[in-house]
1. Here is a list of conditions, (1) surrounded by fewer than 20 Cβ atoms within 10 Å (Cβ to Cβ); (2) in contact with a strand residue (DSSP E or B) (Cβ under 6 Å, 6 or more places away or on another chain), and Thr320 meets all of them except one; can you say which number that is?
2. Quick check, is Ile398 at pLDDT 95 or above, more than 26 Å from Gly261 (Cβ to Cβ) and of a type outside the set (Lys, Arg)?
3. Of the residues Gly309, Gly255, Gly273, Gly261, only one is of a type outside the set (Asp, Glu), under 19 Å from Gln120 (Cβ atoms) and open to solvent by 40 Å² or more (accessible area, probe 1.4 Å); which?
4. Which of the numbered conditions does Leu378 fail, given that it passes all the others? Conditions: (1) at pLDDT 95 or above; (2) part of a loop (DSSP other than H, G, I, E, B).
5. Mind listing whichever residues of segment 332-350 are in contact with a helix residue (DSSP H, G or I) (Cβ under 8 Å, 6 or more places away or on another chain) and not in a helix (DSSP H, G or I)?
6. Could you grab me the full set of residues in segment 381-398 that are open to solvent by less than 20 Å² (accessible area, probe 1.4 Å) and not charged (D, E, K, R)?
7. So for segment 351-370 (the condition being touching a strand residue (DSSP E or B) at 6+ places or on another chain (Cβ under 7 Å), over 24 Å from Leu275 (Cβ atoms) and assigned to a loop (DSSP other than H, G, I, E, B)), does at least one residue qualify?
8. State which residue is farthest from Asp121 (Cα to Cα) when the search covers only segment 157-167 and only residues that are open to solvent by 10 Å² or more (accessible area, probe 1.4 Å) and in contact with a helix residue (DSSP H, G or I) (Cβ under 8 Å, 6 or more places away or on another chain).
Amino acid sequence: MKRRDFMRAAVPGALALLNAKLWAAGPGDAKLLVVMLRGAYDGASLLVPYSSEFYYRSRPGIAVPRPDSRGPDSGVALDADWALNPVVKDSLHAMYAAKQALFIPFSGSEDLSRSHFQAQDLMELGQGSGALDYSSGYLNRLVEALAGGAPAGISFTNNLTPVFKGAIPVPNISLRGNMQNNLPPRQSELIAALYEGTALSGMATAGIETRKMVSGELMTEMAESSRGAGPARAFESRARAMAKLMRDRSAYSIGFADVGGWDTHVDQGSAQGALAANLAGLSSGLAVYAREMGALWKSTVVVVMSEFGRTFRENGNRGTDHGHGNTLWVLGGGIAGGRIAGRQIAVSEASLFQNRDFPVLNDYRSVLADLFARMYGLGGEALGRVLPGAKAEDYGFI
């Protein structure tokens, strides 16, 4: 594999704004959904480095077969180095072929704890390394920075997680059957009074009222997603509900969802098994989300990430353990997809981080910084407040 480096340079504010206008009429028209895969999914079983002999030596029981092996479990080649797990052929690969998906391997955060909770918190807060400040997450800061454009956030999680905590009230709609309001009436009144007469008054009121607006519409979807079905059917139902809300409620344009079950220490499988079932369910659900967004898919971006990757070598239980670098996904109807983006190196024993993991060459915050610059025209101090210390890089999303 040839090393592919891209230019490390700040995105000029004027160019970022131009790109945003080419992509969407304005910040309020763009849709963003961030999906967190909790438990650390194995990116090397999704985006397979099939040109690497070291990959097959390291994973004798769980490697995805090469595309030229001609079996039903063979990987689906993307280029001379990378292939996709065949379980996503009809969903994620179809989006890639339509240039609506790209993958960024060797991505992740600076966290080296290999602790699920610490790594998830750090990634949701978006602050970089050092002591964590839990007062706000990067999506809440993004909503605040875009207050003039009137986009608002919505969290599709059981509880409001760190990514959306902060100064702006954000509604939390569980897609697993919990429709209770997380704000008691008296607290809602106090928040509304706090923002009364300010530029954020309308957003605060809208956030407080969201449950009243959507609970009836989504009750059917809530019941369907709580039937105890397998990962694929359950996530497809949730994805359809998320698309319905984000499509029909123009204000709710920045969403966050999480999906569990990715900690595969034992019997991980390759093109079949527990991980393959999760990948199939997730990717088919995201394909449903894209279809349900309709015409808005052209101005929608979905980012899929996980707190860290898995060890490159297979463990003694036919699984993988907590690692470092991973593969990040970017999907959307208007992106320049059909590519493997970001910095890359040859996959070999010499290139492993601490002789066990993929290295992190593409900081997830630099990916988000490029997206926010292009989607919303953010730059300079505003972008620095949303993602403090993030280095602007050009991933060629447009």
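1. Status for Thr320: all satisfied but (1).
2. On the way: at pLDDT 95 or above: no; more than 26 Å from Gly261 (Cβ to Cβ): yes; of a type outside the set (Lys, Arg): yes.
Answer is no for this residue.
3. On the way: Gly309 fails: open to solvent by 40 Å² or more (accessible area, probe 1.4 Å); Gly255 fails: open to solvent by 40 Å² or more (accessible area, probe 1.4 Å); Gly273 fails: under 19 Å from Gln120 (Cβ atoms).
Only one candidate passes the filter, namely Gly261.
4. Unmet for Leu378, out of (1) at pLDDT 95 or above; (2) part of a loop (DSSP other than H, G, I, E, B): (1).
5. Quick first cut of segment 332-350, residues in contact with a helix residue (DSSP H, G or I) (Cβ under 8 Å, 6 or more places away or on another chain) only: 332-334, 337-338, 342, 345, 347-349.
Passing the criteria: Gly332, Gly333, Gly334, Gly337, Gly338, Gly342, Ile345, Val347, Ser348.
6. Restricting attention to segment 381-398, the residues satisfying the condition of being open to solvent by less than 20 Å² (accessible area, probe 1.4 Å) are 386-387, 393, 395, 397.
Once the filter is applied, which keeps residues that are open to solvent by less than 20 Å² (accessible area, probe 1.4 Å) and not charged (D, E, K, R), segment 381-398 yields Val386, Leu387, Tyr395, Phe397.
7. no
8. First pass over segment 157-167, keeping only residues open to solvent by 10 Å² or more (accessible area, probe 1.4 Å): 158-162, 165-167.
This time we only want the ones that are in contact with a helix residue (DSSP H, G or I) (Cβ under 8 Å, 6 or more places away or on another chain), so: 161-162, 165-167.
Values: Thr161: 9, Pro162: 6, Lys165: 11, Gly166: 14, Ala167: 18 Å.
Out of the qualifying residues, it is Ala167.
The values are calculated or read from the model by the stated rules, or taken from the named source; none is laboratory data. Nothing here was measured: the structure is a model prediction, and the numbers come from that model. For neighbour counting, all protein chains shown are included, and Cβ atoms are generated from backbone atoms with ideal geometry for every residue, glycine included. Only protein heavy atoms, including side chains, enter the accessible area calculation; ligands, DNA and RNA are left aside. Shrake-Rupley method; radii C 1.70, N 1.55, O 1.52, S 1.80 Å.
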